[in-house]
Amino acid sequence: MIFEQLKPQIEAIVSNTEATVDARLLSICELLEKNIAYYNWVGFYFRNGTKHELHLGPYVGAPTDHTVIPFGKGICGQVAVSNQNFVVPDVTAQSNYIACSITVKAEIVVPIFVNNENIGQIDIDSNTIDPFTTQDERFLEFVCKKVAKIL
Ligand code: SME
C-alpha cells in the first residue's frame, strides 16, 4: 500500500532540521504529487495570524491566482471554519467552490491543528473524478499531524 510506504518518508522529511520549514513542506508536496497518481495539485494554506483569511504556502502544481482565501469561501475557506475534512468527489456539484484550473475534477482538504487550533490545511486537487477514499483521509491526517509538530 503506497500510503504505508510514504509514511516513513514523510517522517524523514519532517525531522530534517537542516532544511527550513517551507523547504520541508515543499518536499512533502513533491513526494505526494510524484507518488500518488491522482494527486495533481498539492499545497498548504495557512491562517494569516489572527485575520480570517488563508494564505497559500508551499505547493506543487499549476500556479493559482488564489493566494489569499477568506474564511468561508471555497472548499478551503469552509474547512478553516468547520475544522473538518472536506472531501469533494465532483467539484461541479459544489456551489461554494473556487476553481483554480479547468482540469480539476475533485478536491480534498484536511485541517492542521496546533494546540487544538485550526491553523491551516493541506489541499489536494485531482484531475480524476471521485478518487478519494477514507484511506486518503487517514493518510492526510497523519501528514497533518507530523507537519503540525514543526509549525
Ligand atoms: N479549490 C479551492 C481553492 C484552492 S485551489 O484548489 C488551489 C477552494 O475551493 O477552496
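Of everything listed in (1) surrounded by fewer than 19 Cβ atoms within 10 Å (Cβ to Cβ); (2) of a type in the set (S, T, N, Q); (3) in a strand (DSSP E or B), the single unmet condition for Gln121 is (1). Evaluation of Glu30 against the conditions (1) surrounded by fewer than 18 Cβ atoms within 10 Å (Cβ to Cβ); (2) among the acidic types (Asp, Glu); (3) under 22 Å from Asn118 (Cα atoms) shows that the sole unmet condition is (3). The number of residues in region 37-53 that are surrounded by 15 or more Cβ atoms within 10 Å (Cβ to Cβ) and over 12 Å from the mean Cα position of the chain (by Cα) comes to 3.
With respect to (1) in contact (Cβ under 8 Å) with a residue 12 or more places away in the chain; (2) in a loop (DSSP other than H, G, I, E, B); (3) near the ligand (Cβ under 9 Å from one of its atoms), the lone exception for Cys76 is condition (2).
Residue under question is Phe139, and the condition is that it be part of a helix (DSSP H, G or I), touching a helix residue (DSSP H, G or I) at 6+ places or on another chain (Cβ under 6 Å) and modelled with pLDDT of 95 or more; does it hold?
Yes; evaluated as a whole, the condition is true for this residue.
The residues of region 103-149 that are among the aliphatic types (A, V, I, L, M), more than 16 Å from the ligand (Cβ to nearest atom) and touching a strand residue (DSSP E or B) at 6+ places or on another chain (Cβ under 8 Å), listed by number, are Ile119, Val143, Val147, Ala148. Of the residues making up region 79-94, just one is within 11 Å of the ligand (Cβ to nearest atom) and part of a loop (DSSP other than H, G, I, E, B), namely Gln94. Kindly establish whether Ser95 is modelled with pLDDT of 95 or more and of a type in the set (Gly, Ala, Ser). Here the answer is yes, as Ser95 does meet what is asked.
Checked against the criterion of being away from the ligand (no atom under 16 Å from the Cβ), within 17 Å of Val110 (Cβ to Cβ) and in a helix (DSSP H, G or I), the candidates Leu25, Leu32, Leu6 yield just one match: Leu6. Just to be sure before I move on: is His52 out of contact with any Ser or Thr (no Cβ under 8 Å at 6 or more places or on another chain) and more than 10 Å from the ligand (Cβ to nearest atom) in the structure I sent? Against the criterion (out of contact with any Ser or Thr (no Cβ under 8 Å at 6 or more places or on another chain) and more than 10 Å from the ligand (Cβ to nearest atom)), His52 qualifies. Would region 61-72 turn up any residue that is in a strand (DSSP E or B) and near the ligand (Cβ under 9 Å from one of its atoms)? Checked against the condition, which is being in a strand (DSSP E or B) and near the ligand (Cβ under 9 Å from one of its atoms), region 61-72 yields at least one hit.
Considering only residues of region 62-88 that are of a type outside the set (A, V, I, L, M) and under 12 Å from the mean Cα position of the chain (by Cα), which is farthest from Pro131 (Cα to Cα)? Before the answer, list the steps.
At the first step, the residues of region 62-88 found to be of a type outside the set (A, V, I, L, M) are 63-67, 70-74, 76-78, 82-86.
Now restrict to residues that are under 12 Å from the mean Cα position of the chain (by Cα): 76, 85-86.
On the way: Cys76: 18, Asn85: 15, Phe86: 13 Å.
Only one residue tops the list, namely Cys76.
The values are calculated or read from the model by the stated rules, or taken from the named source; none is laboratory data. The model shown is predicted, which means the values in this text are computed figures rather than measured ones. Glycine also receives a Cβ, built like all others from the backbone with ideal geometry; neighbour counts cover every protein chain displayed.
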